[in-house]
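**Student:** Here you go, one structure.
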């Protein structure tokens, strides 16, 4: 089964959704740093929210990660270790952990935000950050599963190119060439008996081409 179109589509979604999350987290950071009076989500003034910064950094990393990986799969680019299945899976696992930590902490901190969504814009921003964080985490999870499935379906090693096509195509071509050589090779047979040679009147030996028979 070819997982390459599915992986490219997931990377495209991750890039687009990461841009959305970058905008939401940047908006939230700007609001909290420039806060001049208490709001329904915080009783003080301007403050710094580390978990929002963590989600901002994670979304930037995932955007920068999705673009080159999508190109490597679509263009069948080979770039050594950084273009291998192993490199892809390690990077996806790191992003998966970062999104999981950020989304879980943010969800715990703002679990009761629904009370102000109807009248306060920042409550809607927080709700959107929660939603897109978990969506991006799910996309990274599916990308990790698709990468492992593509690795096994292509029957290559973890250090092979992540597009998964080169090694399989070479193997198939080699197998076909060997099969064609075997089919086209001429068949040869041997009788195991030497031809009989006897003399004639001119004295020159003549080969009859028939096996010699012993006298009774």
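The values are calculated or read from the model by the stated rules, or taken from the named source; none is laboratory data. Values in this document were obtained by computation on a predicted structure and should not be read as measured data. When we count neighbours, we look across all protein chains shown, and the Cβ atoms used for this are built from the backbone with ideal geometry, even at glycine.
**Student:** Only one of these is part of a helix (DSSP H, G or I) and within 21 Å of the chain's Cα centre (by Cα): 106, 142. Name it.
**Tutor:** Result: 142 is the single residue among 106, 142 that is part of a helix (DSSP H, G or I) and within 21 Å of the chain's Cα centre (by Cα).
**Student:** The conditions are (1) surrounded by 16 or more Cβ atoms within 10 Å (Cβ to Cβ); (2) at pLDDT 80 or above; (3) under 23 Å from residue 150 (Cα atoms), and residue 71 fails exactly one of them. Which is it?
**Tutor:** Residue 71 satisfies every listed condition except (1).
**Student:** Take the conditions surrounded by fewer than 17 Cβ atoms within 10 Å (Cβ to Cβ) and either at pLDDT 95 or above or closer than 30 Å to residue 142 by Cα (or both) and apply them to residue 43. Does it pass?
**Tutor:** no
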